[in-house]
Amino acid sequence: MNRNLILSFFLIGTLCFSQTDPASEKYTIDVNQFYGSIILHNPDISHLISAHPGGLILGVNRKTYGYEEWEAEFNYPDVGYSFIYQDMNNSTLGKNYGLYAHYNFYLLNRNLQFRLGQGIAYTSNPYDKVENFRNNAYGSDFLSSTYLMLNYHKENIFKGLGFKVGLSVVHYSNANFRAPNTSTNTLAFNAGLVYDLDGGKTIDYLPAVEKEKIKEPIRYNFAFRTGLNESDVINSGQYPFYIVSAYADKRLGRKSALQLGGDVFFSNFLKELIRYQSIAFPELQVSADDDYKRVGLFVGHELFINQISVISQLGYYVYYPFDFEGRVYNRIGLKRYFGDKLFAAITLKSHGAKAEAVEFGVGIRL
């Protein structure tokens, strides 16, 4: 639970941008009903797909008008907070309640809205080895959750009232913080209303100011990440992990940078998994003395949004003494810069769609 609360506070803090002119603040609220299906991303959850989940998405949005440099560069997005109630319509899965921070990005003359939300969710009926052993999707009460919305969006049609309609994807997972963790993804149709709290008052957007291109030499980054996770063996225990990373990046402009570097993984849950497999599955030919450490090389991309950046990395283990989920891994997450050099990060490390851990990190960019 504490882990997910930290994630929520971090994300909420990243969206608390101030504007230089209080008169430019403008808010909208929206409410959407959705109805859809759980996507069968893993055959292990086939017994949980017995009905169509539905629910509500509530959002509060603050408009931006270019009073900060990043706003015009990203076509004046909204920042906001949202709540999702989802009834899985399955007695094993129960109901989920989520709180999120989100961005709304606009395309096609602001008629197409893309929302990205990240937060935490509480599930009413998680796995229990006695009372709810069939729920292999949610292994804990609190889950990390991500949702996406792609909507036709029309505001202020009549006295501040508008509408939106489109598709949503809602993901729930605890990222192997505790087993089991098969997770669910809901693909849904949504429709709803949006209301301007100022009754349709218009505010002019400040035009983007032409700025000099950013020219930086290659920068060097050093990061330390940690957290807790558990293997897929239920009740095998949660163990801390430690990751040391070093990488170089090169800015391509104001928004993007390419990365090249390496990671050293000290994943203590693998110690227990190696011991367990050496005893319980001798046919796997795993030795209790096998090394649990791994070393990987990766390439990546960083998208800069104000003091926030979104990172995505694809890696390959060059030192891999114990086989766990394959040699290829990926990482995606957020960085928050404090000044020009120091940063904190929350990232999800996985192997394809199979999550290994949520990583909490700090680092320096020189």
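Take the residues of segment 204-230 that are surrounded by 14 or more Cβ atoms within 10 Å (Cβ to Cβ) and assigned to a loop (DSSP other than H, G, I, E, B): which is modelled with the highest pLDDT? Here the answer is Glu230. Can you find a residue in segment 134-151 that is assigned to a strand (DSSP E or B), within 25 Å of His52 (Cβ to Cβ) and of a type in the set (Gly, Ala, Ser)? Within segment 134-151 (the criterion being assigned to a strand (DSSP E or B), within 25 Å of His52 (Cβ to Cβ) and of a type in the set (Gly, Ala, Ser)), the answer is yes, since at least one residue qualifies.
Considering only residues that are of a type in the set (Ser, Thr, Tyr) and in contact with a helix residue (DSSP H, G or I) (Cβ under 9 Å, 6 or more places away or on another chain), which ones fall in segment 78-108? Within segment 78-108, Tyr81, Thr92, Tyr100 qualify. The residues on offer are Asp323, Asp290, and the sole one that is in the same structural domain as Thr226 (by TED's automatic domain parsing), assigned to a loop (DSSP other than H, G, I, E, B) and in contact with a Phe, Trp or Tyr (Cβ under 6 Å, 6 or more places away or on another chain) is Asp290. Can you give me the number of residues within segment 63-74 that are of a type outside the set (Phe, Trp, Tyr), under 22 Å from the mean Cα position of the chain (by Cα) and surrounded by fewer than 17 Cβ atoms within 10 Å (Cβ to Cβ)? Number satisfying all stated conditions: 0. Restricting attention to segment 180-228, the residues that are more than 23 Å from Asn89 (Cα to Cα) and touching a Ser or Thr at 6+ places or on another chain (Cβ under 8 Å) add up to 10.
Out of the residues in segment 299-317 that are crowded, with 17+ Cβ neighbours inside 10 Å and among the hydroxyl-bearing types (Ser, Thr, Tyr), which is modelled with the highest pLDDT? Ranking the qualifying residues of segment 299-317, first place goes to Tyr317.
Filtered by the rule that a residue be without any contact (Cβ under 8 Å) to a residue 24 or more places away in the chain, over 21 Å from the mean Cα position of the chain (by Cα) and closer than 18 Å to Tyr106 by Cβ, segment 127-167 gives a lone residue, Ile157.
Residue pairs whose Cβ atoms lie under 8 Å apart, separated by 6 or more positions or on different chains, with the first residue in segment 231-252 and surrounded by 13 or more Cβ atoms within 10 Å (Cβ to Cβ) and at pLDDT 95 or above and the second of a type in the set (Val, Ile, Thr) and not in a loop (DSSP other than H, G, I, E, B), are Phe241/Thr226; Tyr242/Thr226; Ile243/Thr226; Ile243/Val264; Val244/Val264; Ser245/Val264. Of the strands (runs of 3 or more DSSP E) contained entirely in segment 14-128, those carrying at least 2 residues that are over 30 Å from Phe343 (Cα atoms) and among the hydrophobic types (A, V, I, L, M, F, W, C) fall at 27-38, 54-62. Filtering Glu356, Glu283 for residues that are over 30 Å from Trp70 (Cβ atoms) and free of Cβ contacts under 8 Å to residues at least 12 places away in the same chain leaves a single hit, Glu283. Does Ala121 satisfy being over 30 Å from Glu71 (Cβ atoms) and outside the structural domain of Val358 (by TED's automatic domain parsing)? Spelling it out, it is not the case that Ala121 is over 30 Å from Glu71 (Cβ atoms) and outside the structural domain of Val358 (by TED's automatic domain parsing).
The values are calculated or read from the model by the stated rules, or taken from the named source; none is laboratory data. What you see is a predicted model, and the numbers here were worked out from it, not measured in a lab. With ideal geometry, Cβ positions are generated from the backbone for all residues, glycine too; neighbour counts draw on all protein chains shown.
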